[in-house]
Amino acid sequence: MVSSKARVQRKNQANASAHVKRKMLSAHLSNELREKYGSRTARVCVGDTVIVVRGNSDIRNIEGKVLDVNTKTGRVSIEGITIKQADGTATERPIHASNLVIVKLNTEDPWRMDSLSKKKEA
């Protein structure tokens, strides 16, 4: 982003196009995956196993599988992390992707694994 003003950066993030917002959904890789793939970050996908490293003490250090990825808000739903609604029902708590560390990648997508292996070669 060009501007250093916080409000302009927030506006650009909110009004970004879909292919740009997709890149904003990346999280750090664990040390083992970082050495294996030669990359620092990867996009969070459904089926990845992640651990929460930032947030309230009740959700920090919880490891779980990604259930849903919302590209519009940049947040991820993880199994086992819920919040109570006003009527008492429990729903998934959305967590921003930058507060996560990917521990295990979902290797079902061949295109994704191909792009990660290209980073290792470079």
ask   = Would the stretch 80-96 turn up any residue that is hydroxyl-bearing (Ser, Thr, Tyr), more than 19 Å from Ser115 (Cβ to Cβ) and part of a strand (DSSP E or B)?
value = yes
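From Asn15, Asn31, grab the single residue that is at pLDDT 95 or above, exposed (fewer than 12 other Cβ atoms within 10 Å of the Cβ) and more than 21 Å from Asp114 (Cβ to Cβ).
Asn31
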key: Top-ranked residue in the stretch 80-122 [being among the charged types (D, E, K, R) and exposed (fewer than 10 other Cβ atoms within 10 Å of the Cβ); ranked as nearest to Lys21 (Cα to Cα)]   = Asp114
remark   = Output for Cβ contacts, cut-off 6 Å, separation at least six or different chains, first residue under 18 Å from Val69 (Cα atoms) in the stretch 106-122, second surrounded by 11 or more Cβ atoms within 10 Å (Cβ to Cβ) and modelled with pLDDT of 90 or more, reads Asn106/Cys45; Asn106/Gly47; Asn106/Asp48
request  = Please identify the pairs in which a residue from the stretch 84-95 that is at negative phi has its Cβ atom under 9 Å from the Cβ atom of a residue that is surrounded by 10 or more Cβ atoms within 10 Å (Cβ to Cβ) and of a type in the set (Asp, Glu), counting only partners at least 6 apart or on another chain.
outcome  = Glu92/Asp68; Glu92/Glu79; Pro94/Asp68
message = Can you confirm whether Arg60 is exposed (fewer than 11 other Cβ atoms within 10 Å of the Cβ), of a type in the set (D, E, K, R) and over 13 Å from the mean Cα position of the chain (by Cα)?
response = no
Selection from the stretch 102-122 of residues that are of a type in the set (Lys, Arg), in a helix (DSSP H, G or I) and in contact with a Ser or Thr (Cβ under 9 Å, 6 or more places away or on another chain) = Lys119, Lys120
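The values are calculated or read from the model by the stated rules, or taken from the named source; none is laboratory data. Just so it is clear, the structure is predicted and the values come from calculations on it, not from any experiment. Neighbour counts are summed over all protein chains in view; Cβ atoms, including those assigned to glycine, are modelled from backbone coordinates with ideal geometry.
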